[in-house]
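Q: This is the structure I want to talk about, given as structure tokens.
The values are calculated or read from the model by the stated rules, or taken from the named source; none is laboratory data. Everything numeric in this text was worked out from a predicted model, so none of it was measured. So basically every Cβ, Gly included, is an ideal-geometry build from the backbone, and we count neighbours across all protein chains shown.
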């Protein structure tokens, strides 16, 4: 179903061919993780929720793949926090921007930013530098699902708290982010939304989660979770040394 939806939206110009390749790469990591949220992913999702709740100007960023994969939960998360939503894409044209913004609006999004950029992210030569001052440029905490590493690093260099959703814990995006969620996007968004609702009722727990979270440690645990998942498939196989 997901692949069919991506293919359909590629025909509509919302998803690009390179976006399809990116999705396939992510699917491979999902298989390695057992197609389930790992403990490190859930810890990162809880930290993400806490940081979004504590943010002064939180922003949920949307590109073509993110819009195609789960517009409903992107919109729901932005409402729950609440946070602004801004479309930002690498392969930018006015026509494609309009298609993605309109697609989000068709699913109920309101006040989507990005149609009329008035600022630039420093250090980026591509059109991904184009953004709005009210949204991405002045954000302090930004959620970037299905991100590219260059922009994630550029946002981090602006001293923003960058929350990434990227199945590959070794990607440039995951390395640049302040909170690296290595999980499939719908699972990640649903978990973050649940934690937003839970933590909103407990300010002390929100502060504790932020204080105790270490992204370096958690990303290392995410890699170890992949290794553990792979090894579990062969737990009954004798070592070659014993052959």
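Q: Could you identify the single residue in 31, 103 that is in contact (Cβ under 8 Å) with a residue 60 or more places away in the chain, in a helix (DSSP H, G or I) and surrounded by fewer than 22 Cβ atoms within 10 Å (Cβ to Cβ)?
A: 103
Q: Follow-up. Given the criterion in a loop (DSSP other than H, G, I, E, B) and surrounded by 15 or more Cβ atoms within 10 Å (Cβ to Cβ), identify the matching residue among 122, 117, 82, 40. Outline the logic, then answer.
A: Details: 122 fails: surrounded by 15 or more Cβ atoms within 10 Å (Cβ to Cβ); 82 fails: surrounded by 15 or more Cβ atoms within 10 Å (Cβ to Cβ); 40 fails: in a loop (DSSP other than H, G, I, E, B).
On inspection, the qualifying residue turns out to be 117.
Q: Residue by residue through segment 208-243, note down the ones that are surrounded by 13 or more Cβ atoms within 10 Å (Cβ to Cβ) and modelled with pLDDT under 80.
A: none
Q: If you scan segment 85-96, which residues turn out to be surrounded by fewer than 20 Cβ atoms within 10 Å (Cβ to Cβ) and either under 28 Å from residue 159 (Cβ atoms) or touching a residue at least 12 places away in the same chain (Cβ under 8 Å) (or both)?
A: Once the filter is applied, which keeps residues that are surrounded by fewer than 20 Cβ atoms within 10 Å (Cβ to Cβ) and either under 28 Å from residue 159 (Cβ atoms) or touching a residue at least 12 places away in the same chain (Cβ under 8 Å) (or both), segment 85-96 yields 90, 91, 92, 95, 96.
Q: Being within 19 Å of residue 183 (Cα to Cα), modelled with pLDDT of 70 or more and exposed (fewer than 14 other Cβ atoms within 10 Å of the Cβ) is the filter here; which residues of segment 2-24 pass it?
A: 3
Q: Could you say whether any residue in segment 85-92 is at pLDDT 95 or above, within 21 Å of residue 196 (Cα to Cα) and either part of a helix (DSSP H, G or I) or in contact with a strand residue (DSSP E or B) (Cβ under 9 Å, 6 or more places away or on another chain) (or both)?
A: The answer is yes; a qualifying residue exists.
Q: A follow-up question, please. Given the conditions (1) under 17 Å from residue 81 (Cα atoms); (2) surrounded by 15 or more Cβ atoms within 10 Å (Cβ to Cβ); (3) free of Cβ contacts under 8 Å to residues at least 40 places away in the same chain, report the number of the one that residue 171 does not fulfil.
A: (1)
Q: Now a separate question. Looking only at segment 161-208, count how many residues are in a helix (DSSP H, G or I) and in contact with a strand residue (DSSP E or B) (Cβ under 7 Å, 6 or more places away or on another chain).
A: Residues that pass the stated criteria total 5.
Q: Can you name every residue in segment 130-151 that is part of a helix (DSSP H, G or I), touching a helix residue (DSSP H, G or I) at 6+ places or on another chain (Cβ under 9 Å) and modelled with pLDDT of 95 or more?
A: Answer for segment 130-151, where residues must be part of a helix (DSSP H, G or I), touching a helix residue (DSSP H, G or I) at 6+ places or on another chain (Cβ under 9 Å) and modelled with pLDDT of 95 or more: just 136.
Q: Being touching a strand residue (DSSP E or B) at 6+ places or on another chain (Cβ under 9 Å), free of Cβ contacts under 8 Å to residues at least 60 places away in the same chain and under 23 Å from residue 51 (Cβ atoms) is the filter here; which residues of segment 125-145 pass it?
A: 131, 132, 133, 134, 137
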